[in-house]
1. Just checking, which of R166, R228 is among the charged types (D, E, K, R) and at pLDDT 95 or above?
2. Those residues that are touching a strand residue (DSSP E or B) at 6+ places or on another chain (Cβ under 6 Å), more than 23 Å from H222 (Cα to Cα) and hydrophobic (A, V, I, L, M, F, W, C), I need them from the range 165-201; list them, please.
3. Of these, R79, R64, which one is basic (K, R) and either over 30 Å from R166 (Cα atoms) or touching a Lys or Arg at 6+ places or on another chain (Cβ under 9 Å) (or both)?
4. Filtering the range 48-69 down to residues that are of a type in the set (V, I, T) and buried (at least 24 other Cβ atoms within 10 Å of the Cβ), which residue is farthest from G176 (Cα to Cα)?
5. Which pairs have Cβ atoms under 6 Å, sit 6 or more apart or on different chains, and link a residue in the range 175-188 that is surrounded by fewer than 22 Cβ atoms within 10 Å (Cβ to Cβ) to one that is of a type in the set (G, A, S) and assigned to a loop (DSSP other than H, G, I, E, B)?
6. Looking only at the range 194-226, count every residue that is among the aromatic types (F, W, Y) and surrounded by fewer than 16 Cβ atoms within 10 Å (Cβ to Cβ) and tell me the total.
7. Out of the residues in the range 152-174 that are touching a Lys or Arg at 6+ places or on another chain (Cβ under 8 Å) and in a loop (DSSP other than H, G, I, E, B), which is farthest from T114 (Cα to Cα)?
8. Would you please name the residue that is nearest to V116 (Cα to Cα), looking only at residues in the range 283-318 that are over 16 Å from the mean Cα position of the chain (by Cα) and of a type in the set (S, T, N, Q)?
Amino acid sequence: MPTFRATFTPYTHTRALADGAVDLAGGHLEFVRTDPIIRAYREMVRELAYDIAELAPTTYLMARASGVPVVAIPVFTKRQFHHGHILCHPESGIRIPQDLAGRKVGVRAYSVTTGVWVRGLLSDDFDVDPDRIEWVTDDEEHVSNYAAPANVHAAPAGESLVGLLRDGRIDAALTGNAGVGRTGAPKAGWQQAEAAPAYSLFGTPEPLERDWYRRTGIYPIHAVITLREELVRQHPDLPTELYRAFSAAKKGADDRDTLVAELAGASAIPAGEDPIPYGIEPNAASITALVRYAHEQHLLAGPVEIESIFAPGDYPTA
């Protein structure tokens with residue numbers, strides 16, 4: 001029985017697979033805890049360091065487009081809304097989204113998935129052209145051969161977004177691991193940072209999140225399970241069996257209240273709806289939007305058909 005080295009975040013809905021309480025048919029899963037998990041994203045697309053790995057979906061799409069031999073299954077283990085993820089310097093004078101045009105906004109790297117979703121919602125709902133914003137980064141892109149657009153500039157060597165926002169040298173920044181919630185590259189002992197005094201562009205974001213989901217059906221995806229393409233050729237049933245194993249782990253932890261508490265923004269999903277659905281059909285709106293945004297934001301050379309994103313397999317909604 002083959003052993004597959006795997007890394008992903010052990011959430012409530014994935015922990016049973018990480019702990020071995022759920023088996024992978026036809027193989028053994030050797031779970032490797034990676035901290036921070038973002039480090040595994042870089043290791044997977046640059047070194048194929050794992051057989052199975054969680055990836056940021058934008059990183060996955062870009063890596064696959066550049067020829068990295070990885071392929072996904074439609075298991076999206078993290079989702080979150082983003083209206084609350086833009087912080088503005090107290091003296092920036094930014095009051096409405098349109099004020100971001102011509103300003104400097106910090107994001108860890110241009111291709112981080114949070115940045116893609118933020119730029120997409122600004123463009124779709126507020127007619128803010130991301131190309132008119134100067135994006136300031138303080139880390140590398142995961143896909144090392146990607147060249148960012150001309151309106152993306154690196155912070156001075158040794159500087160962090162945290163310091164730049166604190167000093168008012170950038171006007172705004174994204175929150176958390178996508179921006180001012182950390183310093184340095186993703187590696188063991190990644191330094192967490194306390195954001196400088198700032199205010200949220202959207203104030204109370206929850207009503208906007210609920211409205212956006214009601215209008216669009218989009219609940220942004222943030223983590224997708226991938227595997228090395230070579231393994232699919234060697235074990236054609238592996239994508240289906242892996243999907244079944246993740247689905248079984250989720251079913252065993254099917255406590256909506258716990259899931260909602262663990263998933264940022266899940267309270268915006270109406271009662272009775274699955275806050276973390278697996279499969280292609282229930283995620284089609286989010287996948288389509290992310291692909292469109294990635295294309296519009298110069299991360300992908302062209303549109304991508306949904307069917308080409310996933311390994312051949314049996315993926316009923318779960």
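The values are calculated or read from the model by the stated rules, or taken from the named source; none is laboratory data. Note that the coordinates shown come from a computational prediction; the quantities given were computed from them, not determined experimentally. Heads up, the Cβs are rebuilt from the backbone with ideal geometry, glycines too, and the neighbour counts pull from every protein chain shown.
1. None of the other options fit; the residue is R228.
2. If the condition is that a residue be touching a strand residue (DSSP E or B) at 6+ places or on another chain (Cβ under 6 Å), more than 23 Å from H222 (Cα to Cα) and hydrophobic (A, V, I, L, M, F, W, C), then L165, I170, A198 are the ones that fit.
3. Going through R79, R64 in turn, just one is basic (K, R) and either over 30 Å from R166 (Cα atoms) or touching a Lys or Arg at 6+ places or on another chain (Cβ under 9 Å) (or both): R64.
4. I52
5. T175/G181; T183/S160; T183/A193
6. Qualifying residue count, the range 194-226: 1.
7. R169
8. S308
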